[in-house]
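Asks: Here you go, one structure.
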Amino acid sequence: MSDATTHNTADMANTTETEPLELGVIDDLDSLISIQPDATVSRTVMSQEGGNVVLFSFDKGQELSEHTAAMPVFVQTLKGRLTITGNGKTTELTPGGLVYFPTRIPHTVYAEEPSVMMLTMITPARKA
C-alpha cells in the first residue's frame, strides 16, 4: 500500500475531478492471528474507505455472546467450525462458508473447535 493512484471519474460521473485510489493488500491472513488456549482474540487487519476487516481466533468452546453490529457485516470461517446464530436461525460455518448480517440483527458465534473467523464490516464511504 505505497503510492496512491488517481482515477478520472469523468466517465462515471460527468466530472473532471480525480479521486485517490488505494489498493489494500494482505498477502497472508494466516500469519496475522493465532489461536490462544482458552481465549478469543481479535485483530483489525485492514481499515479502508467502505470497510474494515477484523480477524478473530477462538479456542474450542469460546464464544461471542449475543450482540448486534451498527453496520452490515459478513462473517467467513477461515479455519475450524463455528456455530452462528442470528435472527432465530442457526447455521454451522466451515471454511468457505459465508454469512451476512444486516445492521442490528442480534447474533452469536460459538467455536465448536479451534477456529479463525474473518469479519468484514461495511462502512459508509468517506467524503473527500
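Asks: Where in the range 75-118 are there strands (runs of 3 or more DSSP E), lying fully within it, with 3 or more residues that are buried (at least 18 other Cβ atoms within 10 Å of the Cβ) and within 15 Å of the chain's Cα centre (by Cα)?
Replies: none
Asks: What are the residues in the range 49-74 that are in a strand (DSSP E or B) and open to solvent by 60 Å² or more (accessible area, probe 1.4 Å), if any?
Replies: GLU63, SER65, GLU66, HIS67, PHE74
Asks: Still on this model: I need a count of the residues in the range 26-48 that are assigned to a strand (DSSP E or B), open to solvent by less than 60 Å² (accessible area, probe 1.4 Å) and closer than 18 Å to ASP59 by Cα.
Replies: The qualifying residues number 2.
Asks: For the range 23-48, enumerate the residues that are modelled with pLDDT under 90 and touching an Asp or Glu at 6+ places or on another chain (Cβ under 8 Å).
Replies: Listed by number, the list holds a single entry, GLN48.
Asks: Could I ask something else about it? Of the numbered conditions (1) free of Cβ contacts under 8 Å to residues at least 24 places away in the same chain; (2) touching a Phe, Trp or Tyr at 6+ places or on another chain (Cβ under 7 Å), LEU119 satisfies every one except a single condition; which is it?
Replies: Of (1) free of Cβ contacts under 8 Å to residues at least 24 places away in the same chain; (2) touching a Phe, Trp or Tyr at 6+ places or on another chain (Cβ under 7 Å), only one is false for LEU119: (1).
The values are calculated or read from the model by the stated rules, or taken from the named source; none is laboratory data. Here the structure is a predicted model, which means the values were calculated and not measured. Virtual Cβ from ideal backbone geometry, glycine too; neighbours counted across all protein chains shown. Protein only, heavy atoms only, side chains kept; ligands, DNA and RNA dropped before computing areas. Shrake-Rupley method; radii C 1.70, N 1.55, O 1.52, S 1.80 Å.
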